[in-house]
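Just passing along the structure, written as structure tokens.
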Amino acid sequence: MSIIIPSRTDYVKIRFWQHIQQLQFPMNTNRHLFHVHGAEVGKAYSEQVRTILDHPELGRWKYILTIEDDNLVPHDAVIKLCESIELGPFDGVGGLYFVKSDDMPMPQCYGDPEKFARTGVLDFVPRDVTEAMKHGGSIVECNGIAMGCSLFRAESFRKVPGPWFVSSPSHTQDLDWCTKAKRAGMRFACDTRVRVGHADWNTGVVY
């Protein structure tokens, strides 16, 4: 499993790194961590995915895990994401976390795939995950997931030409990838069992 952590600065918060050090992985999982400093997030992801796919060893590994440095990831996140991506027909599964907003903290679980299949209209409206969060959580299929704590099949990136993650005024790098991938026939889901804290380091608030 290749792990990509982009940072705009040359350092990360100790609290974030403590969560990374406590992560549990499935038994006998090879892993390599790429901590990318100073680059724009979309560019950092695209460049590291290319490095992974072109590498003689890493290019054979099944999964790419993305974690962003303002997310506090639970220790069993990778275990649960591996379970859900192995059991389901999904090319990417993300943990559940919310946008940083005191007024309306929306879940980063976007769009109705049934509507897309029925109409061809690809939307990224935040989904209501209230019911899915009950009784320990369940998996919600969606059109888009964010990159803060997500597991992707590495092979999915070979099905779409890079760059895979492009940021613009109209969309973020994560939904840019999900748009390309959905139009190529791929599927995504949010695992609401994986509750990720989304930290505002300026205020100390975790959403």
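The values are calculated or read from the model by the stated rules, or taken from the named source; none is laboratory data. Note that the structure is predicted; figures quoted are calculated from it, not measured. FYI the Cβ positions are ideal-geometry reconstructions off the backbone, even for glycines, and counts take in every protein chain you see. We work out accessible area using only protein heavy atoms, side chains counted, and drop any ligands, DNA or RNA first. Shrake-Rupley method; radii C 1.70, N 1.55, O 1.52, S 1.80 Å.
Give me the distance between the Cα centres of the stretch 151-207 and the stretch 2-58, rounded to whole Å.
Distance between centres, Cα-based: 14 Å.
Give me the 1.4 Å probe accessible area per residue for the stretch 58-127, excluding ligands and nucleic acids, in Å².
Accessible area per residue, the stretch 58-127: 45 Å².
Still on this structure: What label, among (1) -0.47, -0.80; (2) -0.62, -0.94; (3) -0.53, -0.85, belongs to log10 I(q)/I(0) by the Debye sum over Cα atoms at q = 0.11, 0.14 Å⁻¹ computed from the structure on display?
Label (1) holds the value from this structure.
Report, to the nearest whole %, how much of the accessible area of the chain belongs to carbon and sulfur atoms, 1.4 Å probe, protein only.
Numbers: 5260 of 10150 Å².
Carbon and sulfur: 52 percent of the exposed surface of the chain.
In deg cm²/dmol, rounded to 500, what helix-only [θ] at 222 nm does the chain give when every DSSP H run of at least 4 residues adds -39500 (n - 2.57) and the total is split over its residues?
Dividing the helical sum by the residues of the chain leaves -7500 deg cm²/dmol.
What ranking do 66-72, 197-203, 96-102 get when scored by the average of other Cβ atoms within 10 Å per residue, highest first? Let's see the in-between values first.
Numbers: 66-72: 22.3, 197-203: 14.6, 96-102: 16.6.
Descending packing order for the listed peptides: 66-72, 96-102, 197-203.
What translational diffusion coefficient, to the nearest whole µm²/s, does the stretch 49-143 have by Stokes-Einstein, given a Kirkwood radius computed over alpha-carbon pairs, a temperature of 20 °C and 1.002 mPa s viscosity? Can you show the working numbers first?
Working: Rh = 15.6 Å.
In µm²/s, the coefficient rounds to 138.
Provide, for the chain, the number of lysine pairs with alpha carbons under 15 Å apart, each pair being eight or more places apart or on different chains. The partial results should precede the final answer.
Values: 62/159; 115/182; 159/180; 159/182.
Here the count comes out as 4.
Hey, another quick one. Cα centroid distance between the stretch 103-138 and the stretch 64-102, in Å?
15 Å
Rounded if a/c is under 1.5, else prolate if a/b beats b/c, else oblate: with a ≥ b ≥ c from the C-alpha gyration tensor eigenvalues square-rooted, which is the stretch 124-207? Don't skip to the answer; put the middle values down first.
Details: a/c = 2.07, a/b = 1.33, b/c = 1.55.
Judged from the Cα gyration tensor, the stretch 124-207 comes out oblate (a/c at least 1.5, b/c at or above a/b).
A follow-up question, please. Share of antiparallel DSSP beta bridges in the chain, in percent to the nearest 5? Present the calculation step by step, with values, prior to reporting the outcome.
On the way: 20 of 34 bridges.
Of all bridge pairs located within the chain, approximately 60 percent are antiparallel.
How would you classify the stretch 95-148 from its alpha-carbon gyration tensor, with a ≥ b ≥ c the square roots of the eigenvalues: rounded for a/c under 1.5, else prolate if a/b is greater than b/c, otherwise oblate? Can you show the working numbers first?
Details: a/c = 2.07, a/b = 1.39, b/c = 1.49.
Verdict is oblate for the stretch 95-148.
Provide the net charge surrounding residue 7, with neighbours chosen by a C-beta distance below 11 Å and charges set as Lys +1, Arg +1, Asp -1, Glu -1.
Working: positive: 8, 13; negative: 10, 68, 69, 70.
Computed value for this residue: -2.
Would you please give the FRET efficiency between residue 116 and residue 33, computed as 1/(1 + (r/R0)^6) with r the Cβ-Cβ distance and R0 = 41 Å, to the nearest 0.05? Mind dumping the intermediate values first?
On the way: r = 34 Å, r/R0 = 0.83.
In this case the efficiency is close to 0.75.
Right, something else. Determine the relative contact order of the stretch 67-176: mean sequence separation of Cα pairs under 8 Å and six or more apart, normalised by residue count, in whole percent. Walk me through the numbers before you get to the answer.
Numbers: 135 pairs, mean separation 31.4, N = 110.
Relative contact order here is 29 percent.
I would also like to ask the following. Among 34-44, 107-117, what's the highest-first ranking by average C-beta atoms within 10 angstrom per residue?
Details: 34-44: 16.5, 107-117: 18.9.
Ranked by mean Cβ neighbours within 10 Å, highest first: 107-117, 34-44.
Normalising by the residue count of the chain, find the relative contact order in percent from Cα pairs under 8 Å and 6+ residues apart. Please report the intermediate quantities before stating the final value.
Details: 429 pairs, mean separation 55.8, N = 207.
The value is 27 percent.
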